[in-house]
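One structure below.
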There are 2 protein chains.
Amino acid sequence: MSAPLRIAIAGLGTVGAATAQILRDNAAIIAARCGRSIEIVAASVRDPGKKRAVTLDGIRLEADALALVAPDVDVVVELIGGQEGIARALVERALDAGKHVVTANKALIAHHGAALAARAEQQQTTLAFEAAVAGGIPIIAAMRGGLAANRIQRVAGILNGTCNYILTTMERERRDFAEVLADAQKLGYAEAEPSFDIDGTDTAHKLAILASLAFGVAPDIAAVHCEGIRRLSLTDIDYAASFGYRIKLLGLATLEDGALLQRVHPCLVPIAAPLAAVDGAFNAVQVDGDAVGRVVIEGAGAGGAATASAVISDLMAIAREDRYAPFTLAASQLQTVPPAALAVHQGCYYLRLTVKDAPGALADIAHAFAAQHVSVHSITQRTTEADRGAQVIVITHATNEAAIAHAVQHIAALPISLAAPVVLRIEP
Amino acid sequence: MSAPLRIAIAGLGTVGAATAQILRDNAAIIAARCGRSIEIVAASVRDPGKKRAVTLDGIRLEADALALVAPDVDVVVELIGGQEGIARALVERALDAGKHVVTANKALIAHHGAALAARAEQQQTTLAFEAAVAGGIPIIAAMRGGLAANRIQRVAGILNGTCNYILTTMERERRDFAEVLADAQKLGYAEAEPSFDIDGTDTAHKLAILASLAFGVAPDIAAVHCEGIRRLSLTDIDYAASFGYRIKLLGLATLEDGALLQRVHPCLVPIAAPLAAVDGAFNAVQVDGDAVGRVVIEGAGAGGAATASAVISDLMAIAREDRYAPFTLAASQLQTVPPAALAVHQGCYYLRLTVKDAPGALADIAHAFAAQHVSVHSITQRTTEADRGAQVIVITHATNEAAIAHAVQHIAALPISLAAPVVLRIEP
């Protein structure tokens with residue numbers, strides 16, 4: 001057996017503490033499986049005096065994370081978070097010093113991944129971030145390894161457990177968004193400042209990383225079209241269910257005609273599709289490859305132990321001296337492709353129109369779609385409380401975003417229109 | 001870029017031809033992703049004169065597979081199949097000559113995996129078999145890599161597409177086993193001699209390999225308790241559905257108190273469980289780890305292109321010079337643990353008893369369970385056509401196999417009993 005792999009952990013929060021705990025509890029099987037033991041020699045914490053659940057005997061504690069880049073450290077594990085500041089400075093310094101880096105920092109990788117990969121390559125060191133996407137789900141290893149023979153056609157994922165928990169709870173308990181969010185905050189499933197999760201930013205970070213691996217491009221977070229779940233109503237969840245769909249916040253990436261379309265938004269997913277069945281705080285990623293077809297991986301997307309499982313899998317690959325570029329391709333080969341305009345997106349749509357319950361309303365609506373050559377799959381009128389008029393639910397056949405946008409704009413301006421139309425994309 | 005990895009393919013059937021085709025179609029991305037091109041220098045076929053869909057220009061064709069172990073070959077890809085004969089001879093000769101071996105041969109690995117791993121280790125060469133379990137699903141890489149930090153608690157899988165197709169079709173089309181099997185044979189989804197699939201042998205092979213990876217033991221196919229799906233009736237599929245379950249053929253492995261329990265049998269799975277939703281010819285594997293929790297991977301379990309995707313992923317790992325032992329642990333560290341007796345298995349059970357529709361029948365049945373300390377969760381009597389008596393459906397709380405066996409034996413011997421009881425295990 002070779003010499004131990006010596007690691008330093010920056011940040012002993014939930015994930016850092018779980019990493020230390022599992023490295024201790026499962027030390028024997030980890031060493032047997034990768035042929036070396038993994039030894040924590042140092043850690044950095046904001047408050048060295050704080051009492052912790054995990055034993056830190058024999059671990060050097062530093063107040064300054066940058067001090068972890070030390071001669072007796074082979075790998076720096078960055079668990080501080082944030083796309084700039086100390087996290088970025090630490091990762092850059094560690095790579096430049098020829099240390100391997102393992103990180104769970106999706107913001108850092110989504111924003112600076114390509115530059116950091118080039119830095120790692122220059123020093124012939126490893127930059128690994130399995131824990132940055134979908135927690136314990138080994139999706140990055142799968143894309144870099146098990147699915148690497150495939151030309152990837154599409155990646156789609158439920159990548160944020162908070163959003164999926166809120167949507168699942170709204171549906172199950174028949175409650176409104178604001179109420180469920182408030183409860184989730186009380187229970188610790190959502191942050192006090194929830195916008196990072198519920199506006200889709202966190203999903204966008206993870207999607208940009210997955211798209212990079214899938215299509216051989218540099219992560220391009222700025223190009224992600226991003227809509228969150230704030231405006232979703234129980235009404236639409238119910239109507240969607242009555243038509244055989246569940247509403248999920250998905251991150252989706254496709255490469256078509258040399259342009260990359262990355263989008264994060266709520267979608268109607270057919271009830272029988274694998275992603276529709278993913279409940280609560282679970283995450284799942286669906287990869288469509290030209291050889292393998294559809295592969296779906298589901299598991300815990302967050303939580304200390306699950307994320308630590310991913311961190312340690314990266315450490316074990318380093319211990320075995322697996323050689324791979326951070327984004328599979330050499331940094332110099334990562335392409336920069338133009339973002340596709342959402343207007344050219346092809347797909348089916350769900351629309352809910354609130355209109356006056358008057359003769360001719362349906363005809364006006366049908367005409368607006370016909371004028372844009374949008375083919376309607378079903379159109380259903382449901383009368384609600386008298387003063388709120390009628391709800392018209394339209395499911396279209398495949399069409400494009402621009403045509404829908406024009407039709408909706410036209411309908412919203414009609415005298416029959418009583419409220420802003422709700423438009424949701426349907427994803428197979 | 002390093003020198004090409006030179007491979008020889010033994011067998012150009014469905015998987016072999018697809019492997020050659022994908023290596024050609026996706027040559028550029030494969031080379032970019034693993035830093036080397038992969039070049040087929042030779043192949044062996046039974047009939048060198050046969051016309052094939054795939055171009056074989058520049059590929060040396062041999063009638064004798066053993067001739068593929070040649071100086072210009074780095075990796076032998078064994079796609080002949082069978083646990084003995086030419087497949088085994090070829091793999092042994094290739095390993096002994098210091099060649100890497102990639103195989104899709106589950107029978108060979110399940111029967112001789114540990115001995116072959118020791119041979120590979122002796123020559124410091126790689127023996128890889130991602131394609132042997134669940135086709136295109138990268139489950140072996142996940143267990144060896146992405147989930148390797150975990151102490152695995154349980155592996156459960158739908159590992160045979162033919163069985164899952166038959167069960168799904170029985171349920172969906174409300175038809176009997178024999179009829180659906182006959183149709184599946186006509187459509188090519190089942191073999192003319194189907195026993196290898198429907199009696200669970202194929203699932204057992206794959207399970208033994210998964211159990212080896214999960215628990216660090218040598219594959220022990222002889223110890224797998226194996227029941228197939230021949231005796232499953234639509235009646236039980238219907239009753240199961242009415243209680244919230246679907247029936248699936250699962251392979252399941254657990255290690256408890258130092259004993260390994262490996263079993264293949266039809267199970268009732270709760271309708272909301274991920275494995276219940278896996279339809280048609282798809283496969284799925286659920287791994288429960290102490291850190292990561294439950295991870296489920298679903299995808300195509302068979303078919304030329306999907307299986308070739310797995311074969312090529314192994315080739316790419318060899319091209320990158322990833323270093324791992326075939327079963328993760330060094331061959332000398334693979335343990336031989338005693339098989340657990342099925343009698344000690346703990347779980348819930350579904351029983352269907354056909355009894356005379358007479359006063360006291362339910363009391364007799366209830367008494368038989370009470371005598372074995374089996375706690376009943378629900379007991380439901382449904383009267384059927386007069387001459388066939390009543391059907392009593394019992395769902396038990398967790399109990400053990402021995403208690404159930406005794407209770408059933410007692411009930412079968414009662415004067416009220418009209419037919420052999422049906423007993424199915426319920427899996428969470």
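Things to note:
- C-alpha center-to-center spacing [the range A:111-135, the range A:303-377] in angstrom: 23 Å
- Shielding by partners, peptide B:314-327 (average Cβ within 10 angstrom, other chains): 4
- Across chain B, the relative contact order, built from alpha-carbon pairs under 8 Å that are at least six residues apart, equals 16 percent.
- Positive-end ranking of A:V287, A:A300, A:L207 along the dipole of the range A:139-300, with charges on Cβ about the Cα centre, is headed by A:V287.
- Highest GNM mean-square fluctuation among A:L234, A:L116, A:L167, for chain A modelled with Cα contacts below 10 Å: A:L234.
- Helical content alone sets the calculated 222 nm signal of chain B at -10000 deg cm²/dmol, taking -39,500 (n - 2.57) per DSSP H segment of four or more residues and averaging over every residue.
- Shielding by partners - mean other protein chain Cβ count within 10 Å, residues of A:303-313: 5
- GNM remark for chain B: springs join alpha carbons under 10 Å apart, and the peak mean-square fluctuation among B:R172, B:R263, B:R231 falls on B:R172.
- Using θ = phi - 60° and Karplus 6.51 cos²θ - 1.76 cosθ + 1.60, couplings along the range A:216-223 (whole Hz; Gly, Pro as x): x, 10, 5, x, 10, 5, 5, 8
- A straight Cα-to-Cα reach below 30 Å connects A:K50 with the lysines A:K99, A:K106, A:K186, residues fewer than 8 places away in its own chain not being considered.
- Sorting A:301-312, B:241-252, B:343-354 by their mean Cβ neighbour count within 10 Å, with the most densely packed peptide first, gives A:301-312, B:241-252, B:343-354.
- Placing one equal scatterer on every Cα of the range B:343-426 and applying the Debye formula, the log10 ratio I(q)/I(0) at q = 0.11, 0.13, 0.17, 0.24 Å⁻¹ is -0.25, -0.35, -0.59, -1.17.
- For the range A:5-132, a crude dipole built from +1 on the beta carbon of Lys and Arg and -1 on the beta carbon of Asp and Glu, taken about the Cα centre, is about 240 debye to the nearest 20.
- Among B:76-84, B:133-141, the peptide with the highest mean count of other Cβ atoms within 10 Å heads the list, and the full ranking is B:133-141, B:76-84.
- Label-to-label distance, nm, for residues given as A:K356 and A:A341 (7 Å Cα→Cβ offset): 3.5 nm
- For A:R60, nonlocal amide neighbours, meaning residues 5 or more places apart or on other chains whose placed amide H falls under 5 Å from its own, are A:A42, A:A43.
- Exercise: per-residue mean of other protein chain Cβ atoms within 10 Å, A:24-31: 3
- In this structure the amide hydrogen of B:A340, modeled in the peptide plane, comes within under 5 Å of the amide hydrogens of B:L260, B:L261, B:Q262, none closer than 5 places in sequence on its chain.
Taken together, the values in this text are just the output of simple stated rules run on the coordinates, not laboratory data. Computed from a predicted structure; not experimentally measured. No Cβ is skipped: glycine too gets one built from the backbone with ideal geometry, and neighbour counts run over all protein chains shown.
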